[in-house]
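I have placed the structure first, in the form of structure tokens, so that the comments after it can refer back to it.
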Amino acid sequence: MSLRATLERCSLALCMVALAATAAGQDAADAVHDDKISVKAIAEVAVKSSEGGRETLHLEPADRVVPGDEVIYTLEIRNTTAMVRPPPTVDYPIPEHMRYIADSAVGAGAVVSYSIDGGRTFAPPEELFVTGEDDKKRPAAAEDYTHIRWRLKHILKGNSVAFARFRAIVK
């Protein structure tokens, strides 16, 4: 199944994209901490085109990607009820076949943290350390991250949506 087909199929579910969760070995429903919040992930690639001598850049679905391609993931974090919801926390597993691009995770009004242990614990980058081959601890690098967490600072009004985004490169 193509990445686009998987994303379209999962967009109807109240869970994270099954492809990414499966790749990370996690149940997608565990990624959202509120059953009234749905998350739809959209994977796209930036494509350059030229019209009338002017070069433009636009996003297209990431139907087929090859190693080295940069994929832009946009998460639509939606309050599915008519009621105001407290600020949600959303965890997203970095797909196994992708390498996170440092400092690319953003979300308006969100605190971003990362996991290096499969989503069990999260911390800001400066607090993450891994043990190297020489048994010495070193600061974790972006390629060590397994999950991203967005902790939104603001409530979600009824039937509203917030956005988060990150970029990754196909391994």
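The values are calculated or read from the model by the stated rules, or taken from the named source; none is laboratory data. None of the values given here were measured: they were computed from a predicted structure. With ideal geometry, Cβ positions are generated from the backbone for all residues, glycine too; neighbour counts draw on all protein chains shown.
Before moving on, here are some points about what is shown:
- Within the stretch 100-110, the set of residues being touching a helix residue (DSSP H, G or I) at 6+ places or on another chain (Cβ under 7 Å) and either part of a loop (DSSP other than H, G, I, E, B) or closer than 13 Å to residue 150 by Cα (or both) comprises 101, 102.
- The condition of being exposed (fewer than 14 other Cβ atoms within 10 Å of the Cβ) and either modelled with pLDDT of 95 or more or in a loop (DSSP other than H, G, I, E, B) (or both) holds for only one of 76, 126, that being 126.
- Among the residues of the stretch 52-67, those that are closer than 20 Å to residue 98 by Cα and over 18 Å from the mean Cα position of the chain (by Cα) comprise 64, 66, 67.
- Test: residue in the stretch 83-99 that is assigned to a strand (DSSP E or B) and over 30 Å from residue 160 (Cβ atoms): yes
- Count of residues meeting criterion [of a type in the set (Lys, Arg) and within 21 Å of residue 164 (Cβ to Cβ)] in the stretch 39-70: 1
- Any hit, the stretch 88-95, residues being polar (S, T, N, Q), surrounded by 18 or more Cβ atoms within 10 Å (Cβ to Cβ), in contact (Cβ under 8 Å) with a residue 40 or more places away in the chain and closer than 19 Å to residue 41 by Cα: yes
- If you go through the stretch 137-171 and keep only what is outside any strand (DSSP E or B), over 16 Å from residue 39 (Cα atoms) and of a type in the set (D, E, K, R), you end up with 143, 144, 153, 171.
- The set of residues in the stretch 111-123 that are surrounded by 16 or more Cβ atoms within 10 Å (Cβ to Cβ) and not in a strand (DSSP E or B) comprises 116, 119, 122.
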